[in-house]
1. Please give the helix 326-345 orientation as an angle from the longest Cα principal axis of the chain, in degrees from 0 to 90, rounded to the nearest 10.
2. For the pairs K5/K172; K23/K176; K96/K160; K23/K160; K53/K208; K53/K124, flag any whose C-alpha to C-alpha distance is greater than 31 Å.
3. Please list, ordered by chain and number, the residues whose modelled amide H lies under 5 Å from the amide H of V75; skip anything fewer than 5 residues away on the same chain.
4. Pick from Q195, Q299, Q97: which is most flexible by mean-square fluctuation in a GNM of the chain where alpha carbon atoms under 10 Å apart are linked?
5. Can you list, largest first and rounded to whole Å, the semi-axes you get for the range 7-123 by taking the square root of 5 times each eigenvalue of its Cα gyration tensor?
6. Working from Cα positions, state the angle (0 to 90°, nearest 10) between the long axis of helix 188-198 and the longest principal axis of the chain.
7. In whole Å and largest first, what semi-axes does the C-alpha gyration tensor of the chain yield when each eigenvalue is scaled by 5 and square-rooted?
8. At q = 0.23, 0.33, 0.34 Å⁻¹, what is the log10 ratio I(q)/I(0) for the range 1-42, with the Debye formula run over Cα points and no solvent?
Amino acid sequence: MTRKKTIGFGIVGTGMIANYHAKAISALSATHDIRLVGALDSAPGRARDFANKNDVPFHTDSAEVFFANPDIDVVCITTPSGAHLEPALQAIGAGKQLIVEKPLEITVERVDALLDAARQANVKVAAIFQARLSRGARVLKEALDAGRFGRLSLCSAYIKWHRSAAYYSGWKGTLKIDGGGALINQAIHAIDLLQWLAGMPQEIFAFKTRRVHLGIEAEDTACAALRFGSGALGTIEATTAAYPGWERRIEICGEFGSAAIEDERIVRWDFRDATPADAELLASPDNASSGSGAGAPDQIDFSGHQRQIEDMVRSLRNGTPLLIDGVQARNTVVLVRALYQSAESGLPVMLEV
């Protein structure tokens, strides 16, 4: 891209999650010389409300004008999950950099179409998986990379959340647009964290069902057994039918130590060869959560989005790699689709790792 002092952002899709992007851009605008330039949405009323709130122009039926705007350098795709590809391709065609909400898309084929187009156009693709950038997750990753756990034995993710019946309206819980239910939507951050920390499973066996939200097409409850390439085993449990909703939990257990994080907070940190820093870590005021989506989707704050948008700005200005790029985010979609494949076939699924 052309080197510019001010980096302009455009947002495609003005639903709830778009507000997190807008708040993050606003929070960074003074210190990083960035600004929100405009928004695009096919729903006029929603687009108008968003534009008025953020004091930017909006487009509803003039996508070509939006993407051709030379003041827009980065496009944030915040449409429903199964509607990421088409606007992403338009943005890529216009030479815009991309920040795409989780998951990148709802099938591996659509993810690959997006990434192939971006690669050919030399466009950066950042994927929103802000849970990786929390302090708890980063400290856990550092301990794993340093070998503090020794041989891993169990690596698991638990997402026992609650969503009301009213939540499931429109595209949510549909196979065509949401791509599934609790696994691909609510559990996606935990699944991404698990594969980032422990590696991609080599073999999985999954079940899925509807227990409470009987009117949706997709699952509201699922569980899976995992076998990792290292030989470790693990589980994934996911639901949106557990009142009132508990914090997302990741557990990593090994021969020399075990740890657990709930949302962003480290809640267990037990090692055979303990250090003074271990006790300080648990007691630190930084060891806190900035909000949980366990009971409702609007309970998180925008700090994670802010970190990822700041990373895109840093990457564009300094030429540094993105912390979470589209290629990394592809793994999570591969894993989720394999979970669905196993649950629908009743058979284990092998993954290439």
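We did not get these values from a lab; they are worked out from the coordinates using the rules stated. Nothing here was measured: the structure is a model prediction, and the numbers come from that model. Positions of Cβ are backbone-derived with ideal geometry, glycine not excepted, and every protein chain shown enters the neighbour counts.
1. For helix 326-345, the angle is close to 60 degrees.
2. Working: K5/K172 39 Å; K23/K176 29 Å; K96/K160 37 Å; K23/K160 28 Å; K53/K208 40 Å; K53/K124 28 Å.
In this structure, K5/K172; K96/K160; K53/K208 exceed 31 Å between Cα atoms.
3. Sorted by chain and number, the residues that satisfy this are G10, Q97, L98, I99.
4. Of Q195, Q299, Q97, the Gaussian network model singles out Q299 as fluctuating most.
5. Working: eigenvalues 92, 50, 37 Å².
Square roots of five times the eigenvalues give 21, 16, 14 Å.
6. Once rounded, the angle reads 50 degrees.
7. Working: eigenvalues 216, 116, 75 Å².
So the three semi-axes of the chain are 33, 24, 19 Å.
8. Each listed q maps to, in turn, -0.77, -1.13, -1.16.
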